[in-house]
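Notes to accompany the following structure.
The values are calculated or read from the model by the stated rules, or taken from the named source; none is laboratory data. Just so we're clear, the structure is a prediction, and the values are computed from it rather than from any experiment. Cβ sites come from the backbone with ideal geometry, for glycine too, and all protein chains shown count toward neighbours.
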Amino acid sequence: MANHGFIRRCITETLEGLKEGLTLFSGPSRAAVIYAITPDDPIYIFDPQNLLAGHEPKFKELYIESDDWRNKCSIKYDKKKFSNLIPEKNLGLAGLISYGGRSSSIVYQMWFTDHHPDMCTIGPTERWLEHAVYRFSHDIANEEELYTGISGSFLKEYATHAVRDFIVDEMNVLIGWDTRMRVYPILEAVLKISRTPEEGKWPRGKLIFVEKESISKMNFILELPEAEQPDLDNVKHIRKLLQSVENSDLKLVATENMIIGITKEDHPDFSISVDFKGGYGFLALNDKPVCSFSDGSFKSTTHKAKLVQVEEALMDSDMDAENAAVLFKVVAGIVHNAASHRHGCSIVIDLNEPPVFIMGHSLRHPLNLKNQDNCDLAKSLSKVDGALHIGADIKLYGFACLLEGSYVPGENRARGARFNSGLRFTAEHENVIVIVVSSDTLVSVMMGGAVLKTQWKLETSLICNIPVPLEKWVAAIE
């Protein structure tokens, strides 16, 4: 069996690469692993950033009070083999994505990372964790003499491969194993097109990739002769053609290597669709989101504002859960509308009874924002300089409101008047949340004169900064 020092080195380097790669893909991310190398080993945990805190009862039930996880293994232990992996699926724990496996070289392993609330889908992240399972099994089987230390580097740069692996798995389910559609050339073309401006503008419009066998079933508005079909490698030409479908229901149609024509149909039996939206875009399978892309790389984000802090603040308030959920939905709709139209706005969520007075355009009869027409009007009013004033009763009390206050520590001159006036206002008024959306879609949530952060922090665990037996970890936290 490999020595503990070697195992620790493998896990540390693998987990570090995994964490860094997922942070680039999804924003600040943590990673952790639970594992047992041999059939007789105790089960260990390595959780250097407290990702798994709060799930102790479930782990105690699964791994300490029961041996089902150990007895379930049908693979004979052989430290020299690693390729015969049996997957262990997501445990379904709140706030986490997990994926594990069993192999001859490691009898059990389960990897974890954060389930961010703004992910298009968790599929690519699951494939990422699956590759961590493979890399760890491979490294332990090779032992220290043949250890290269490159698993962490592979996992750090795994974004495109994770997207490709997820798409291939879904294709196999949807259309079978005999498809000849290659995914890597499509992903490469998408990123190249997204980075190619035309007359100073980033690409907009829709492009769908279909199997060659599907072309005869499609209705084209315009179909190019075979001899004149542009090669997908001719990125500049494709970028020019994309202008023909901007701001319309039309779509460019391509195979994995050629542009075929233009259609208005949704899609044939199977398609990979790409929606270019200027500085970013989205990739989907049969209209089901897979990921987004921006700055020349794939991301998990939906490009909708992350309002976890607002949700947490409302949950901690005296509002009942039902009204808090409705208010959150209303506010999120206004924020997402402002971000998608790239205009700045400010929103005051006033939890006081009665609401505080704010200078601006007050309304004789506050608008009930549970009414969709009123909510749409509030979205339009958010374009006017000043803030929307929304009460805990989910009514709009005013717009174009001026947020005044004295200087507070934490002001940032680079963020502009909206940001700093929001900080000042919340410093002088209790039970008030201010959301500021800048024109570049950056969103800040403020309360009590400070910008709110999510409740967890990327801090080092004092209990689990090295692999420790899971039983010891549970006992230390309890």
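Within the stretch 274-301, being farther than 22 Å from Leu252 by Cα and in contact with a strand residue (DSSP E or B) (Cβ under 7 Å, 6 or more places away or on another chain) holds for Lys299, Ser300, Thr301. Total residues in the stretch 320-350 satisfying the condition of being part of a loop (DSSP other than H, G, I, E, B), surrounded by fewer than 19 Cβ atoms within 10 Å (Cβ to Cβ) and not charged (D, E, K, R): the figure is 2.
Examine the stretch 106-120 for a residue that is buried (at least 20 other Cβ atoms within 10 Å of the Cβ), more than 30 Å from Ser271 (Cβ to Cβ) and under 17 Å from the mean Cα position of the chain (by Cα), and state whether such a residue exists. So far as the stretch 106-120 goes, yes, one or more of its residues are buried (at least 20 other Cβ atoms within 10 Å of the Cβ), more than 30 Å from Ser271 (Cβ to Cβ) and under 17 Å from the mean Cα position of the chain (by Cα).
Quick one: would you say Arg239 is surrounded by fewer than 18 Cβ atoms within 10 Å (Cβ to Cβ) and not acidic (Asp, Glu)? When the stated conditions are applied, Arg239 does not pass them. Against the conditions (1) outside any loop (DSSP other than H, G, I, E, B); (2) over 25 Å from Leu442 (Cα atoms), Leu283 satisfies every one except (2).
Of the residues making up the stretch 402-433, those that are outside any loop (DSSP other than H, G, I, E, B), more than 30 Å from the chain's Cα centre (by Cα) and charged (D, E, K, R) are Arg424, Glu428. Restricting Val408, Val384 to those that are farther than 17 Å from Val443 by Cα, in contact with a His (Cβ under 9 Å, 6 or more places away or on another chain) and not aromatic (Phe, Trp, Tyr) reduces the list to Val384.
Here is the figure for the stretch 278-310: residues that are surrounded by 18 or more Cβ atoms within 10 Å (Cβ to Cβ), touching a helix residue (DSSP H, G or I) at 6+ places or on another chain (Cβ under 9 Å), of a type outside the set (Gly, Ala, Ser) and farther than 12 Å from Cys120 by Cβ total 2. Somewhere in the stretch 225-241, is a residue of a type in the set (Lys, Arg), closer than 25 Å to Asp165 by Cα and not in a loop (DSSP other than H, G, I, E, B)? No: zero hits. Filtering the stretch 349-381 to residues that are at pLDDT below 95 and hydroxyl-bearing (Ser, Thr, Tyr) leaves only Ser362. How about the stretch 194-204: which of its residues are surrounded by fewer than 22 Cβ atoms within 10 Å (Cβ to Cβ) and within 21 Å of Val163 (Cβ to Cβ)? If the condition is that a residue be surrounded by fewer than 22 Cβ atoms within 10 Å (Cβ to Cβ) and within 21 Å of Val163 (Cβ to Cβ), then Arg195, Thr196, Trp202 are the ones that fit.
Residues that are in a helix (DSSP H, G or I) and either more than 16 Å from Tyr108 (Cα to Cα) or not β-branched (Val, Ile, Thr) (or both) within the stretch 53-68 comprise Glu56, Pro57, Lys58, Phe59, Lys60, Glu61, Leu62, Tyr63, Asp68, listed in sequence order.
Screening the stretch 1-34 for residues that are assigned to a helix (DSSP H, G or I) and of a type in the set (Lys, Arg) and picking the one that is nearest to the chain's Cα centre (by Cα) gives Lys19.
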